[in-house]
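Please treat every number below as a calculation from the coordinates, not as lab data. On a predicted model such as this, the values are computed, not experimentally measured, just so you know. Note: ideal-geometry Cβ built from the backbone for every residue, glycine included; neighbour counts use all protein chains shown.
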Amino acid sequence: MELNRAEKVIKNYPDTEVLKGMDLTVREGEFIGIMGKSGSGKTTLLKVMGMIEPVTDGKVFYEKDNVERISGREAARIRREELGFIFQEFFLMDSLTVLENAMLPLLIGKKADTAGKERARGFIRKFGIEGLEEKMPSELSGGERQRTAICRADDRPVRRDSKAQKDRIKSLIRRDSKA
Ligand SMILES: Nc1ncnc2c1ncn2[C@@H]1O[C@H](COP(=O)(O)OP(=O)(O)OP(=O)(O)O)[C@@H](O)[C@H]1O
Ligand SMILES: [Mg+2]
């Protein structure tokens, strides 16, 4: 039986085109893995198919019903009782930008001077999230959020291969998977 179907789905955020005409049918009993690099749109696809985000264009069906015809209340019931989501989440301050989150330990320690800012920018480059400094956490992909949190955790220089740093990253990731 068909459970969930995306048909020519387009999903844009204000400044990003994410899904560009996606087709996917999910049938009962199937196990599906979706792979793609960070920021490529995997979570967006789940949100659209799970009726959390509206599509920009195209159609989504849940058990043969076009989700446009499913009320918000019914969609909430389906999400609660029939679909199960485990989202990537991270403990970032929602009201601070990526750069401010990365600098949080410095801000708290009152060391947010030019040198501190430069160091935070260095971590932002090292973890591949440059260009996102002024974004808010709600505008990031899950992996981008994780990497912002890692920048924040990484508030003092440690060797790349140091056990302390690896342990810190591992415990952050473990916290994420429990969230
Ligand atoms: N609410 C939002 N507003 C604006 N842009 C967003 C929003 N959510 C996601 N984006 C952007 O849309 C793109 C896709 O994000 P998405 O969360 O679907 O990626 P992903 O494939 O799940 O990545 P990851 O593997 O890091 O979890 C990214 O470029 C992200 O920055
Ligand atoms: Mg994701």
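Return the sequence-ordered ³J(HN,Hα) values of the stretch 10-17 in whole Hz as given by the Karplus equation 6.51 cos²θ - 1.76 cosθ + 1.60 applied to θ = phi - 60°, using x for Gly and Pro.
Per-residue couplings from phi come out as 10, 9, 10, 9, x, 10, 9, 8 Hz.
My understanding is that a pair violates if its Cα-Cα distance is over 32 Å; which of LYS8/LYS37; LYS59/LYS126; LYS20/LYS64; LYS8/LYS117; LYS42/LYS64; LYS64/LYS135 do that in this structure?
In this structure, LYS59/LYS126; LYS8/LYS117; LYS64/LYS135 exceed 32 Å between Cα atoms.
Which GluC sites (Glu not before Pro) from the stretch 13-43 combine a DSSP loop assignment with at most 16 other Cβ atoms within 10 Å?
GLU28, GLU30
Whose amide H sits under 5 Å from the amide H of GLY58, counting only residues 5 or more places off or on another chain, with H placed in the peptide plane?
Sorted by chain and number, the residues that satisfy this are ILE10.
Which of the chymotrypsin sites (Phe, Trp or Tyr not before Pro) found in the stretch 1-91 are loop residues per DSSP with 16 or fewer other Cβ atoms within 10 Å of their Cβ?
On the way: sites: PHE31, PHE61, TYR62, PHE85, PHE87, PHE90, PHE91; in loops: PHE31, PHE85, PHE87, PHE90, PHE91.
Here the chymotrypsin sites (Phe, Trp or Tyr not before Pro) that fit, given the DSSP loop and packing criteria, are PHE31, PHE85, PHE87, PHE91.
What list of ³J(HN,Hα) couplings, whole Hz, do you get for the stretch 39-56 from phi and the Karplus terms 6.51, -1.76, 1.60, once you set θ to phi - 60° and write x for glycine and proline?
Coupling constants for the stretch 39-56: x, 7, x, 5, 5, 4, 4, 4, 5, 5, 6, x, 6, 8, 10, x, 7, 7 Hz.
I'd like the Karplus ³J(HN,Hα) series for the stretch 25-33: coefficients 6.51, -1.76, 1.60, θ = phi - 60°, whole numbers in Hz, and an x wherever there's a Gly or Pro.
10, 10, 10, 3, x, 7, 10, 10, x
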